[in-house]
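Note sheet for the following structure.
The values are calculated or read from the model by the stated rules, or taken from the named source; none is laboratory data. None of the values given here were measured: they were computed from a predicted structure. Because the Cβ atoms are built from the backbone with ideal geometry, glycine has one as well, and the counts that use them run over all protein chains shown.
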Amino acid sequence: MTTQIWHQVIRYGIEDIADNPHVLSLLRHWQASRVAQRRPSMAMFHAGRWPELYPNLMLLRREGDEFVYGHYGTEIARHSQGDMTGRKVSDFGGRLSAFFLATYRDAIAHDQPLYTIHVSDRSASVFTWERLILPLDSHNGEDWLLVYGNPLQMRHQLLESVLDATSDALLALRRVHDAQGTDLGWMVLVTNPAFTEMFGIEPQALAGYLVHETLSDWAALNIEAECLLTMASAMPRVVTRVLLTSQNLLRYLDIQIRPLKDGVVVSLTDATDLHEAQKRLRHLATTDALTGLANRREFDEQLHLEVQRARRSGEPLTLVMADIDAFKAYNDHCGHAAGDDCLRQFALVMKSVFARELDVVARYGGEEFAILLPGTGVEGALNLTERLLHRLQREALPHPASPVATVVTASFGIAAFGTRVMDDEIQLLRRADNALYQAKQTGRNRACLSP
């Protein structure tokens, strides 16, 4: 079953619905001319009576179940499929033909005016029409209709409303050339309010001008090549850009570029909030909540990546495993709240020593920590670890239950990734852990190297 096109039919209270003065004037004249329960005469409503309405009027004569156009206004013809004068309504075809016939028969049957609104399914310029249908009599008793048709909403008005309401920033561009054929660049055809708001410019400052001369952020967007490829291939493209605007705002933009004839449409979605939320989620997923260091999951991922990178490049990679000495005794003596504070302070000391952006400092589990040092050999790792041992002595965090010292100390195991042997992250971890075990077995508060 074919879905009927959207429409609205009003028989009563037309004056309360319609705000078109021509509709109201015609309706009042029809009502005033109606006498003795008879319809107004067709002669009284001849189209020439209202010359300004002539282009919007139609006269139809009933022939059985059909209606034939006796007059078809030029304005209606301009927006529809052509002049229907002398033709039947059914010749109009499609869903609208059935809708027209139904409303015309209804007006004749009820002997009442009808006001209708309907969507146009064929006009390139009109989206919705309004019509006033008035039943008439001729001198020989024939049924006639006077129909006023007027575009209620033009498609370009609707599209402008949609464009203005769209939250994505839109920019339509055309590639232009001068009279000698020299390529001048992209001329701005249209923008929407979201675009001008995003870049802090006035709408009139862009349309009709070359985009690279009027939009200061055009070069920063870096989509010139993508626009040319899209226009040449007629294939859409999607890119992501991080943009520092001329207002010093950092924006993450998801950009879609779609082809137009001799140009492109650029749609920019501000994904800054989404990217920031993703960064926060990433931080939560990869960070130990107590110490603020990388967690075990993040460390495992980074270890795998750095081992692969060291294998390819041959650059050194060193792993340091650390364990706070007698931490269980600290917890038992001082309480778990004090133990948590001890872990946080130990983490701060480690971050102050292993401070490079490349260094990965992680809480490996409980009181155990891991430090991954890309580009650093064993000697450099040992020097840093000894600096950490001295720093812990200077910090002098009290440890009343330690069998090693009166302050918090730690033991360290150091292992280097061997690029010339069949080494991997598991072997590297095992050797660093063995070195840590050796440090604890030989007195703690020291660093041992893996053989």
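Would you pick out the residues in segment 222-250 that are surrounded by 14 or more Cβ atoms within 10 Å (Cβ to Cβ), touching a residue at least 40 places away in the same chain (Cβ under 8 Å) and more than 15 Å from residue 187 (Cα to Cα)?
245
Modelled with pLDDT under 95, assigned to a helix (DSSP H, G or I) and over 26 Å from residue 441 (Cβ atoms) - does that describe any residue in segment 355-376?
no
Sort through 231, 198, 235 and tell me the only one that's in contact with a Leu (Cβ under 9 Å, 6 or more places away or on another chain) and either part of a loop (DSSP other than H, G, I, E, B) or among the acidic types (Asp, Glu) (or both).
So the residue among 231, 198, 235 that is in contact with a Leu (Cβ under 9 Å, 6 or more places away or on another chain) and either part of a loop (DSSP other than H, G, I, E, B) or among the acidic types (Asp, Glu) (or both) is 235.
Would you point out the residue of segment 325-344, among those that are in a helix (DSSP H, G or I) and in contact (Cβ under 8 Å) with a residue 60 or more places away in the chain, that is nearest to residue 384 (Cα to Cα)?
342
Would you please name the residue that is farthest from residue 263 (Cα to Cα), looking only at residues in segment 173-187 that are in contact (Cβ under 8 Å) with a residue 40 or more places away in the chain and either outside the structural domain of residue 215 (by TED's automatic domain parsing) or not aliphatic (A, V, I, L, M) (or both)?
186
Of all residues in segment 407-451, which are in contact with a Lys or Arg (Cβ under 7 Å, 6 or more places away or on another chain) and in a loop (DSSP other than H, G, I, E, B)?
If the condition is that a residue be in contact with a Lys or Arg (Cβ under 7 Å, 6 or more places away or on another chain) and in a loop (DSSP other than H, G, I, E, B), then 409, 419, 450 are the ones that fit.
Can you work out which of the residues in segment 124-163 that are among the polar types (S, T, N, Q) and not in a helix (DSSP H, G or I) is farthest from residue 81 (Cα to Cα)?
Going through the qualifying residues, I end up with 140.
Quick check on this structure: which one of 172, 207 is in a loop (DSSP other than H, G, I, E, B) and in contact with a strand residue (DSSP E or B) (Cβ under 6 Å, 6 or more places away or on another chain)?
Only one candidate passes the filter, namely 207.
Output the residue which, of all residues in segment 80-99 that are under 14 Å from residue 60 (Cβ atoms) and out of contact with any strand residue (DSSP E or B) (no Cβ under 8 Å at 6 or more places or on another chain), is surrounded by the most Cβ atoms within 10 Å (Cβ to Cβ).
That would be 92.
Would you mind stating whether residue 215 is more than 22 Å from residue 275 (Cα to Cα), free of Cβ contacts under 8 Å to residues at least 60 places away in the same chain and out of contact with any helix residue (DSSP H, G or I) (no Cβ under 9 Å at 6 or more places or on another chain)?
no
Which of the residues belonging to segment 129-157 are buried (at least 22 other Cβ atoms within 10 Å of the Cβ) and free of Cβ contacts under 8 Å to residues at least 60 places away in the same chain?
131, 133
Report the residue count in segment 193-211 for those that are within 24 Å of the chain's Cα centre (by Cα), modelled with pLDDT of 90 or more and farther than 19 Å from residue 249 by Cβ.
1
Restricting segment 188-203 to residues that are among the aliphatic types (A, V, I, L, M) and touching a residue at least 60 places away in the same chain (Cβ under 8 Å), which is surrounded by the fewest Cβ atoms within 10 Å (Cβ to Cβ)?
Per the criteria, the residue is 189.
Restricting attention to segment 337-390, which residues are among the polar types (S, T, N, Q), more than 23 Å from residue 301 (Cβ to Cβ) and within 45 Å of the chain's Cα centre (by Cα)?
345, 352
Which one is surrounded by the most Cβ atoms within 10 Å (Cβ to Cβ), of the residues in segment 368-400 that are among the aliphatic types (A, V, I, L, M) and farther than 16 Å from residue 319 by Cβ?
That would be 392.
Please work out if residue 308 is under 30 Å from residue 222 (Cα atoms), exposed (fewer than 13 other Cβ atoms within 10 Å of the Cβ) and either free of Cβ contacts under 8 Å to residues at least 12 places away in the same chain or among the β-branched types (Val, Ile, Thr) (or both).
no
Just the residues that are within 14 Å of residue 171 (Cβ to Cβ) and charged (D, E, K, R), please, taken from segment 255-288.
Across segment 255-288, the qualifying residues are 258, 270.
Condition first: among the acidic types (Asp, Glu) and assigned to a strand (DSSP E or B). Now tell me which residues in segment 286-324 satisfy that.
Scanning segment 286-324 gives a single hit, 323.
Among the candidates 273, 332, single out the residue that is at pLDDT below 90, among the acidic types (Asp, Glu) and surrounded by fewer than 18 Cβ atoms within 10 Å (Cβ to Cβ).
None of the other options fit; the residue is 273.
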